[in-house]
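**Q** Before I ask anything, let me first share the structure, which is written out below as structure tokens.
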Amino acid sequence: MKRLLLVEDEPGLVMTLTDRLAREGYAVDSSTDGESGLERASKEPFDLVLLDVMLPRLGGFDVMRELRRRGIDTPVIMLTARGQVVDRVVGLKLGADDYVTKPFEMVELLARIEAKLRRAPTTLHPAEGHQFGEIRMDFRKAEITKGGEPLELSAREFQLLRYFIEHRGATLSREELLNEVWGYNSMPSTRTVDVHVAWLRQKIEPNPRHPQYILTVHGLGYKFAG
């Protein structure tokens, strides 16, 4: 069953959409403000997000911008009462996949949802893998792709990246990485970690000189932000 997140603050519309989408076979969760919608879309595995533009606490455009900045590539259809071309352009430039203007016909929205879900890759559960930017990592299959193409990583690079992903947001010392990825009985130096991090950055970062995923925490170690 495909899981959708509806970020919308109009109670009547939330009720109507949730009921109709459930009858169409979707599992629907909802958030009524931009901040909670952003956090849920960032941390939970959804197959598609329906995102209103006019939201309390954090506007839909800001939510859209932040989702893509965080490397969340879940398909997003924006919902809004605004009909101006400039608003549609802004949403699409920020990374939205489609744009529907209220009031809309339910059959049209359903068709757009189905079209986006057909084209979208299956969302990975956090225990099965992770997606960030153009990178998609499948833990169970031990596969990694970049922009849909296979990405060659050594076994150690794969293990290191997986450890970063499983501890994303935490500052990891070189000693911890050596112990957990290389093992207590190994004899590499902390320089080994730096070398492997440099190799990973060359393969996964859009700009290895200015990394946005594997960040250096000076004097402490590294942190994964994808």
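The values are calculated or read from the model by the stated rules, or taken from the named source; none is laboratory data. Predicted model only: the values in this text are computed from it and were never measured. Reconstructed Cβ throughout: ideal geometry from the backbone, glycine too, with neighbour counts over all protein chains shown.
**Q** Do you know which of the residues in region 1-17 that are modelled with pLDDT of 95 or more and more than 16 Å from K102 (Cβ to Cβ) is surrounded by the fewest Cβ atoms within 10 Å (Cβ to Cβ)?
**A** L5
**Q** Could you check region 60-71 and list, in sequence order, the residues that are over 15 Å from R88 (Cβ atoms) and touching a helix residue (DSSP H, G or I) at 6+ places or on another chain (Cβ under 7 Å)? Quick ask: steps written out before the conclusion?
**A** Applying the first criterion (over 15 Å from R88 (Cβ atoms)) to region 60-71 yields 62-63, 65-71.
Result: D62, V63, E66, L67, R70.
**Q** Considering only residues that are of a type outside the set (A, V, I, L, M) and closer than 25 Å to E205 by Cβ, look in region 70-110 and name the one that is modelled with the lowest pLDDT. Spell out the reasoning first.
**A** Filtering region 70-110 down to residues of a type outside the set (A, V, I, L, M) leaves 70-71, 73-75, 80, 82-84, 87-88, 91, 93, 95, 97-99, 101-105, 108.
Imposing the further condition that a residue be closer than 25 Å to E205 by Cβ reduces the set to 70-71, 73-75, 93, 95, 97.
Details: R70: 80, G71: 77, D73: 80, T74: 88, P75: 92, K93: 86, G95: 88, D97: 90.
Among those that are of a type outside the set (A, V, I, L, M) and closer than 25 Å to E205 by Cβ, it is G71.
**Q** Sticking with this one: With respect to D98, is the statement that it is touching a Lys or Arg at 6+ places or on another chain (Cβ under 6 Å) and of a type outside the set (F, W, Y) true?
**A** Working: touching a Lys or Arg at 6+ places or on another chain (Cβ under 6 Å): yes; of a type outside the set (F, W, Y): yes.
So D98 fits the description; yes.
**Q** Still on this model: Take the conditions more than 18 Å from the chain's Cα centre (by Cα) and not β-branched (V, I, T) and apply them to A27. Does it pass?
**A** Yes: the conditions hold for A27.
**Q** Given the condition assigned to a helix (DSSP H, G or I), of a type in the set (A, V, I, L, M, F, W, C) and farther than 15 Å from E205 by Cα, answer yes or no: does some residue in region 132-154 qualify? Give the steps one after another, and end with the answer.
**A** Applying the first criterion (assigned to a helix (DSSP H, G or I)) to region 132-154 yields none.
Looking through region 132-154, none of the residues is assigned to a helix (DSSP H, G or I), of a type in the set (A, V, I, L, M, F, W, C) and farther than 15 Å from E205 by Cα.
**Q** For E166, only one of the following conditions fails: (1) surrounded by fewer than 17 Cβ atoms within 10 Å (Cβ to Cβ); (2) at pLDDT 90 or above. What is its number?
**A** Condition not satisfied by E166: (2).
**Q** Can I ask one more? Give the number of residues within region 169-200 that are within 16 Å of S154 (Cα to Cα) and either surrounded by fewer than 18 Cβ atoms within 10 Å (Cβ to Cβ) or polar (S, T, N, Q) (or both).
**A** Final tally of qualifying residues: 6.
**Q** Would you be able to tell me the number of residues in region 31-46 that are of a type outside the set (V, I, T), surrounded by fewer than 20 Cβ atoms within 10 Å (Cβ to Cβ) and at pLDDT 95 or above?
**A** Residues meeting the conditions: 3.
**Q** Might you let me know whether region 169-181 holds any residue that is in contact with a Leu (Cβ under 7 Å, 6 or more places away or on another chain) and farther than 30 Å from E66 by Cβ?
**A** yes
**Q** Answer with yes or no whether E143 is surrounded by 14 or more Cβ atoms within 10 Å (Cβ to Cβ) and free of Cβ contacts under 8 Å to residues at least 12 places away in the same chain.
**A** yes
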